[in-house]
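Heads up: the structure comes next, in structure tokens.
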Amino acid sequence: MRLDKYLALASVGTRKAVRVMVREGKVQVNGELVLEPASEIHPEQDQIEVQNRVIGQTQKIYYMFHKPAGCVTARWDHKDKTVLDYFDSVQTEGLFPVGRLDKDTEGLLLFTNDGEFNHELMKPEHHIEKTYLFWATGVLDECAKRSIQEGLLLKGEVERTKKAKLEIEKTGLFQEYKEELLSLLSDIQFQKTEKLLRSNRPVLKGQLTITEGRKHQVKRMLQAYGCHVIYLKRISIGRLKLDETLKKGSFRPLSQEEIQSLK
Ligand code: URA
């Protein structure tokens with residue numbers, strides 16, 4: 001691996017900053033001064049020192065992010081703001097989102113540079129529960145609720161969804177919940193559903209817990225019974241709950257306990 005890449009991944013500084021440090025003679029590899037940032041090193045064997053401080057293996061980082069609606073879960077996009085645009089103030093090299101949320105979905109999104117952690121958390125056989133709070137238009141009868149919980153065949157798929165938990169918290173007409181709902185919706189969510197809401201349709205609020213990560217899964221599971229999701233927020237992953245003191249668009253490091261709770 002290149003020396004400058006290693007130092008940046010170890011959070012010594014940005015790529016640019018670490019290159020300057022190397023050229024200024026602040027970095028030693030196995031006790032010898034190295035002035036070329038692109039020098040090849042072997043992190044498992046070589047001892048890297050910056051100003052006489054030994055740099056360990058790449059430091060693992062874990063963040064909880066409160067994703068707002070309107071940004072895409074990607075490292076880069078030619079048109080939309082991405083979730084990584086909110087991480088300007090930290091070293092983002094090697095940092096990636098664990099799983100993804102749709103552009104109009106809000107809530108808990110994890111970031112790490114730990115590939116193994118990501119792999120373990122995403123493995124379908126680990127059945128990690130993810131809970132989503134939703135508002136949708138429509139009505140769910142007992143039969144539809146049972147089917148959503150027991151597993152259903154989504155359009156275009158050959159395998160039924162795994163068992164899920166569904167809790168309905170509120171049902172009624174849009175006008176009854178207008179204020180509550182409108183206070184939640186961002187511009188993008190509102191624009192997408194304005195027409196639906198104008199006709200004072202039945203709406204419902206609930207929580208759906210799934211253990212898979214199929215594309216648009218929550219929306220499609222509800223859509224299968226005629227319910228159109230107008231607001232969606234992920235509120236937990238496993239035992240980890242979204243820290244509601246975290247403002248939309250903000251992030252904070254996970255505590256050791258929180259990291260352990262996901263392993
Ligand atoms: N299910 C969805 O439909 N969208 C998401 O963003 C996450 C789960």
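The values are calculated or read from the model by the stated rules, or taken from the named source; none is laboratory data. Model, not experiment: these values are computed from the prediction. Backbone-built Cβ (ideal geometry, glycine too); neighbour counts: all protein chains shown. To get the accessible areas, we keep the full protein, side chains included, count just its heavy atoms, and leave off ligands, DNA and RNA. Shrake-Rupley method; radii C 1.70, N 1.55, O 1.52, S 1.80 Å.
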task = In whole Hz, with x marking every Gly and Pro, tabulate ³J(HN,Hα) for the stretch 67-80 from phi via Karplus 6.51 cos²θ - 1.76 cosθ + 1.60, θ = phi - 60°.
result = 6, x, 6, x, 10, 9, 7, 8, 6, 8, 8, 6, 10, 9
key: From phi via Karplus (6.51, -1.76, 1.60), per-residue ³J(HN,Hα) for the stretch 32-47 in Hz, x at Gly/Pro   = 10, 5, 10, 10, 9, x, 8, 4, 7, 10, 10, x, 6, 10, 7, 9
request  = Specify the angular offset, from 0 to 90 degrees and rounded to the nearest 10, of the alpha carbon long axis of helix 187-198 from the longest principal axis of the alpha carbons in the chain.
outcome  = 10 degrees
inquiry  = Let's see if you can work this out: charge +1 on each Lys and Arg Cβ, -1 on each Asp and Glu Cβ, no other charges. What is the dipole magnitude of the chain about its Cα centre, in debye to the nearest 20?
reply    = 860 debye
remark   = So, with points 7 Å from each Cα along the Cβ direction, the residue 80-residue 235 label distance in nm works out to 2.4 nm
request  = Report the charge-dipole magnitude of the stretch 160-249 in Debye, nearest 20, computed about the Cα centre from +1 at each Lys and Arg Cβ and -1 at each Asp and Glu Cβ.
outcome  = 540 debye
Rg/Rh ratio calculated on Cα atoms of the chain (Kirkwood radius) = 1.09
message = At 1.4 Å probe radius, can you tell me the per residue accessible area of the stretch 173-263 in Å²?
response = 56 Å²
inquiry  = Given a 1.4 angstrom probe, I'd like the percentage of the accessible area of the chain that is carbon and sulfur, rounded to a whole number.
reply    = 49 percent
task = Give 192/219; 145/195; 5/26; 178/205 a once-over and call out the pairs whose C-alpha atoms are over 22 Å from each other.
result = 145/195
key: Cut-off 9 Å between beta-carbons: net charge of the residues surrounding residue 211, Lys and Arg +1, Asp and Glu -1   = +1
ask   = Counting other Cβ atoms within 10 Å, which trypsin sites (Lys or Arg not before Pro) in the stretch 139-186 have at most 15 and lie in a DSSP loop?
value = 155, 160, 162, 163
key: GluC sites (Glu not before Pro) within the stretch 109-189, DSSP loop, no more than 16 other Cβ atoms inside 10 Å   = 129, 157, 159
request  = Compute the FRET efficiency between residue 201 and residue 125 as 1/(1 + (r/R0)^6), taking r as their Cβ-Cβ distance and R0 = 45 Å, and round to the nearest 0.05.
outcome  = 0.70
remark   = For the stretch 240-248, Karplus-derived ³J(HN,Hα) couplings (6.51, -1.76, 1.60; θ = phi - 60°; whole Hz; x for glycine and proline) come out as 8, 9, 4, 6, 6, 7, 7, 5, 4
remark   = Inter-part gap, Cα centre of the stretch 38-52 to Cα centre of the stretch 228-263, in whole angstrom, is 36 Å
inquiry  = Restricting to DSSP loop positions (anything but H, G, I, E, B) with no more than 15 other Cβ atoms inside 10 Å of their own Cβ, which trypsin sites (Lys or Arg not before Pro) remain in the stretch 48-93?
reply    = 60, 75, 79, 81
ask   = Hey, what's the Kirkwood Rh for the stretch 3-54 if you take every pair of different alpha carbons, in angstrom?
value = 10.5 Å
query = For the pair residue 252 and residue 141, how long in nm is the line joining their label points, each one 7 Å along Cα→Cβ?
reply = 4.7 nm
Cα→Cβ-extended label distance, 7 Å offset, between residue 171 and residue 223, nm = 2.3 nm
